[in-house]
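Here is the structure we will look at.
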Amino acid sequence: MFQIDLRGKKALVVGIGDDQGFGWAIAKALAEAGAEILIGTWAPIVKIFTTSWANGKFDESRKLSNGKLLEYSKLYPIDAVFDKMEDVPQEVKENKRYAELAGFTISDVAKQVEADFGKIDILVHSLANAPEVTKNLLDTSRKGYLAAMSSSAYSFISLLAHFGPIMNEGGSVLSLSYIASERVIPGYGGGMSSAKAALESDTRTLAWEAGRKWNVRVNAISAGALRSRAAKAIGMIDDMIAYSKANAPLTKDLEAEEVGASAAFLLSPLASAITGTVLYVDNGMHAMGLAIDSSALQNNEKYAKPVVAG
C-alpha cells in the first residue's frame, strides 16, 4: 500500500492566518505525513494568530490522527506584496501593526529561512487578496486591480524566485486557484478572477523554468468553495456552496481536509512526474456545463432528482 512519507522534509506554508482555510489544512496534512512545518503569516495579523495559538484557540483543530497536536518549528511574519524592504512605503513601516517587525518582505524571509534551516523541500502559496473584491470588474479601479494581481498572482512568482535557490532538488511548490480563472462567477470581482487566471498560466511557465533551473515541480489546486474566514469577505460564499451542492456531481460539502490530502499527494514523491498541472478538487463542479437546479429545467423529470445506480 502506498503511503505519503514526508519525514525529513521541511515545508513552508505561506498564508496561514487561522485554522479555517486551505493553508491550515495543507499544513496539517503535511504534518500528518511527517514533514516539519514552517509558517508564513501575513505580517499585520501575526500577533492575533500567535496569541490565539498560545491561548489554545486552535487546539481542537491542531489534533493529528496520532493524538498529537500540529506544531510548527518557526513562524515568519511576511507581506508578500513587497519583495524587499526598499519597496515598503514609509507609512507602512510606521504602521503600528508593522512597527515591531523587521524583515517581513519576501527576500528577507527567504534569507531568514535559509539561515535558520538551510534548504527546504516544499513551498505552499496560500495567498489571495483583492481590496475591491466585492466590486464588479467593470467597477474595479486600476489600483484595486493591480493590487489583486500583485498580492494574489505575482506574489507566487516572487516566492518561487526567492525560495527556489534554497529548495532541494526534487522539491515541490503549490498554489491555490479557483474556477473563476476560467468560468464567470458573478460577484467574484475586484480583479480576483484575473489574478487566478494569471496564477494558473504562471504555474505552467514556472513549472518549465523552475523545473529546468532547480529540478523543482510546480502545480496548483483549483479548490471548490469553502466557508473560510477569507471567503466570507466575498459576501456570497453560502450561495456558492449551495450552488455547488445542487449542481456538482458529488452533492456534499467540500472539506478543507480533502484539499489538504490532495496537496500532500502533489507535494510528495508519489507525484514525482506531475508538474505544470492544475488539479481540480471541487466535487467535480468544474466539469459541469448545465445548472440542473435552474428554473428552466423545473418541468424536466430527468433533472428532478439524482440518478442512483442500483
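The values are calculated or read from the model by the stated rules, or taken from the named source; none is laboratory data. Bear in mind the structure is a predicted one, so any value in this text is a computation, not a measurement. Using ideal geometry, Cβ is built from the backbone for each residue, glycine included, and neighbour counts are taken over all protein chains shown.
Key figures
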| read-out | value |
| --- | --- |
| Total residues in segment 177-212, condition touching a helix residue (DSSP H, G or I) at 6+ places or on another chain (Cβ under 6 Å) and either assigned to a loop (DSSP other than H, G, I, E, B) or at positive phi (or both) | 5 |
| Set 150, 126: member being buried (at least 22 other Cβ atoms within 10 Å of the Cβ) and of a type in the set (S, T, N, Q) | 126 |
| Where a residue in segment 42-60 is closer than 9 Å to residue 18 by Cβ and its partner, wherever it lies, is modelled with pLDDT of 95 or more and part of a helix (DSSP H, G or I), with Cβ under 7 Å and at least six apart | 58/52 |
| Hits in segment 166-176 (condition: buried (at least 18 other Cβ atoms within 10 Å of the Cβ) and either in a strand (DSSP E or B) or at pLDDT below 95 (or both)) | 167, 171, 172, 173, 174, 175, 176 |
| Positions within segment 155-165 being buried (at least 24 other Cβ atoms within 10 Å of the Cβ) and in contact with an Asp or Glu (Cβ under 8 Å, 6 or more places away or on another chain), in sequence order | 156 |
| Number of positions in segment 129-147 that are of a type in the set (Ser, Thr, Tyr) and exposed (fewer than 14 other Cβ atoms within 10 Å of the Cβ) | 1 |
| Cβ-Cβ under 9 Å pairs, at least 6 apart or on other chains, segment 246-269 side under 16 Å from residue 218 (Cα atoms), far side among the basic types (Lys, Arg) and assigned to a loop (DSSP other than H, G, I, E, B) | 267/9; 268/9 |
| Residue within segment 243-257 that is out of contact with any helix residue (DSSP H, G or I) (no Cβ under 9 Å at 6 or more places or on another chain) and in a helix (DSSP H, G or I) present | yes |
| Any hit, segment 235-246, residues being crowded, with 16+ Cβ neighbours inside 10 Å, out of contact with any Gly (no Cβ under 6 Å at 6 or more places or on another chain), modelled with pLDDT of 95 or more and among the β-branched types (Val, Ile, Thr) | no |
| Segment 61-96, subset under 20 Å from the mean Cα position of the chain (by Cα), part of a loop (DSSP other than H, G, I, E, B) and free of Cβ contacts under 8 Å to residues at least 40 places away in the same chain, residue farthest from residue 36 (Cα to Cα) | 82 |
| Condition check for residue 192: within 27 Å of residue 140 (Cα to Cα) and aliphatic (A, V, I, L, M) | yes |
| Checklist (1) part of a strand (DSSP E or B); (2) surrounded by fewer than 16 Cβ atoms within 10 Å (Cβ to Cβ) applied to residue 121, failing item | (2) |
| Identity of the residue in segment 278-310, acidic (Asp, Glu) and farther than 23 Å from residue 263 by Cβ, that ends up modelled with the lowest pLDDT | 301 |
| Filter pass, residue 101 being touching a helix residue (DSSP H, G or I) at 6+ places or on another chain (Cβ under 6 Å), farther than 24 Å from residue 256 by Cα and not β-branched (Val, Ile, Thr) | yes |
| In segment 184-212, residue surrounded by the most Cβ atoms within 10 Å (Cβ to Cβ) [restricted to those that are within 19 Å of the chain's Cα centre (by Cα) and basic (Lys, Arg)] | 196 |
| Segment 191-206, residues that are farther than 15 Å from residue 176 by Cα and touching a residue at least 40 places away in the same chain (Cβ under 8 Å) | 191 |
| Candidate set: segment 32-55, residues that are closer than 13 Å to residue 75 by Cα and hydroxyl-bearing (Ser, Thr, Tyr); chosen: the one surrounded by the fewest Cβ atoms within 10 Å (Cβ to Cβ) | 51 |
| Test for residue 222: is it surrounded by fewer than 24 Cβ atoms within 10 Å (Cβ to Cβ) and closer than 25 Å to residue 61 by Cα | yes |
| Answer from 220, 225, 207, 180 - the residue that is in contact with a strand residue (DSSP E or B) (Cβ under 8 Å, 6 or more places away or on another chain) and under 21 Å from residue 20 (Cβ atoms) | 220 |
